C-alpha cells in the first residue's frame, strides 16, 4: 500500500480476516463521508482470492429493492458449486425498506448454505445502524471507519500540526489547501451540503430542515462550549422544543458532523437532557465556514485555541468510536474539566491548555476529589505536547 492507503491498514486487515472466516455475519463499514470506505472495499476486492462484485446506490438514478435483488443475484452466480464469493453494497441505506430485502436474501442463502459474503457500506452511521439493530439483529458486525486523524494526514500528505488543526481530516480536500477559497467551497458543497441534503434529509424525516441547518452552524460556532438546549433555541430564534433539538443533534452526530458531549456523572444516572458540550468531529467543518485564512487564524489566539481544543475533542471522540470508551465533559459551578474518558470503571481527566479564553476556572482538583481519576492529563503548555497527544491512540490513554 502507498502512504495514503496505510491509514486504514488495521481496519483493512480486520475486514480481510473476517471475510476469510466461515460465513457468519454480514460486515458493515459505517462512517462519515470521505473517510475511505469505498477505497477499503476496492482494496479488499484486489486482495482476496475469490470473486467479488461491487455496486453502489449512491448514483442519480432511481433505485428500489429490485436493484438489491439484481446485485445479489450477480454475486450468487459466482458462489455456485459451494465457492466463496463476495458482494459489496455501497450506500444501500438510500433504498427505501432496504433492510427487509437484505434480511430475506441473507436468510435464504443461510438456509441453502450459499457461501456468499456480504459487506454493506454506509456514510450515515447512526441512520444505517438504527435500521440494522431493528431489522437485522444477530446478522451483522460493524466495522467503524472514523475521520482521518493527525498522524494519518501527516503520513499521507506531509501536513504539519498547524495544517491539521485548521484544515481537518478530509483526505479529498488535501490537494486544495493552497487555494483557500476553492478548499472552502469543496468542504461546503461536497461534504457539508451533501451530507445534510443527501444523507440526513433523504433518509429520515426532518420537519424543520432550516432548524437543523442552523443547529449545525451553531455547533461549529460554539464547538468546545457547553450550551443548554434552551440557550440553543434562543440563539436559533426558534420555538421548537428541546426534544426536537436533541434529536437533530443526534442526526448530525450520526452523520459524523457535530455531536453533543454529555456531562460526566460517575455511577449516577446521567440526565439525557443535561446541557451538552458542542463538538465538531472534523475541524474542517468549522474553518470552511469562517472568513479567515490559515495564516489569519494562527494569529487570532482565541480562535486558534478553540480550533486546538476542537481538534483534541474530535481525536478523542473519533478514536473512541466502536470501543467501550465513553467521552464526556465535567462542570460544577465555575469548575470544569475539558474531557473525561471512562471505561470499565477507569476514569481519565483531560485538561487542554490551548490559549482559549475561559469562563470557567480549571476544575481538575475538584474533579479529582469527587471521582479519583486513574490519570490526569494536561495537554499543551507544560503538559503533554499537542502533537504527541494527537499521535496517541485513544485506547492507550486509559
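The values are calculated or read from the model by the stated rules, or taken from the named source; none is laboratory data. Values in this document were obtained by computation on a predicted structure and should not be read as measured data. Cβ sites come from the backbone with ideal geometry, for glycine too, and all protein chains shown count toward neighbours.
Return the only residue of 55, 75 being over 17 Å from residue 140 (Cα atoms), at pLDDT 90 or above and crowded, with 21+ Cβ neighbours inside 10 Å. Step through it out loud before you land on a result.
Values: 55 fails: crowded, with 21+ Cβ neighbours inside 10 Å.
Criteria check complete, one pass: 75.
Under the condition of being at pLDDT 85 or above and under 25 Å from residue 175 (Cβ atoms), which residue from region 1-35 is farthest from the chain's Cα centre (by Cα)?
Checked region 1-35; the qualifying residue farthest from the chain's Cα centre (by Cα) is 12.
Select from region 309-363 the residues that are assigned to a strand (DSSP E or B) and at pLDDT below 90 and list them in ascending order.
Matches in region 309-363: 361, 362.
For region 58-81, give me each residue that is assigned to a helix (DSSP H, G or I) and in contact (Cβ under 8 Å) with a residue 24 or more places away in the chain.
65, 67, 68, 69, 72, 75, 76, 78
Report yes if some residue within region 89-101 is in contact with a strand residue (DSSP E or B) (Cβ under 8 Å, 6 or more places away or on another chain) and farther than 23 Å from residue 257 by Cβ; otherwise report no. Full working, then the answer.
Taking region 89-101 and keeping what is in contact with a strand residue (DSSP E or B) (Cβ under 8 Å, 6 or more places away or on another chain), we get 89-93.
With the extra rule that they be farther than 23 Å from residue 257 by Cβ, the set shrinks to 89.
The answer is yes, given that some residue of region 89-101 is in contact with a strand residue (DSSP E or B) (Cβ under 8 Å, 6 or more places away or on another chain) and farther than 23 Å from residue 257 by Cβ.
Can you tell me which residue in region 156-166 is nearest to residue 387 (Cα to Cα), limited to those that are in contact (Cβ under 8 Å) with a residue 60 or more places away in the chain and touching a helix residue (DSSP H, G or I) at 6+ places or on another chain (Cβ under 6 Å)?
By that ranking, first place goes to 161.
I'd like the full set of residues that are at pLDDT below 95 and either touching a strand residue (DSSP E or B) at 6+ places or on another chain (Cβ under 6 Å) or crowded, with 18+ Cβ neighbours inside 10 Å (or both), limited to region 172-185.
180
Could you tell me whether residue 313 is in contact with a strand residue (DSSP E or B) (Cβ under 7 Å, 6 or more places away or on another chain), under 19 Å from residue 390 (Cα atoms) and surrounded by fewer than 19 Cβ atoms within 10 Å (Cβ to Cβ)? Show your work before the answer.
Numbers: in contact with a strand residue (DSSP E or B) (Cβ under 7 Å, 6 or more places away or on another chain): yes; under 19 Å from residue 390 (Cα atoms): yes; surrounded by fewer than 19 Cβ atoms within 10 Å (Cβ to Cβ): no.
When the stated conditions are applied, residue 313 does not pass them.
Quick one: which helices (runs of 4 or more DSSP H) lie wholly within region 82-157 and hold at least 2 residues that are modelled with pLDDT of 85 or more and within 21 Å of the chain's Cα centre (by Cα)?
Because the criterion is at least 2 residues that are modelled with pLDDT of 85 or more and within 21 Å of the chain's Cα centre (by Cα), the helices (runs of 4 or more DSSP H) in region 82-157 that meet it are 150-157.
Taking region 85-111, which residues are in contact (Cβ under 8 Å) with a residue 60 or more places away in the chain and more than 18 Å from residue 135 (Cα to Cα)?
Passing the criteria: only 86.
Residues to consider are 324, 277, 299; find the one that is more than 21 Å from residue 388 (Cβ to Cβ), buried (at least 16 other Cβ atoms within 10 Å of the Cβ), in the same structural domain as residue 192 (by TED's automatic domain parsing) and free of Cβ contacts under 8 Å to residues at least 60 places away in the same chain.
Unique residue meeting the criteria: 277.
Looking for something without any contact (Cβ under 8 Å) to a residue 60 or more places away in the chain and farther than 24 Å from residue 31 by Cα - is there at least one such residue anywhere in region 185-208?
yes
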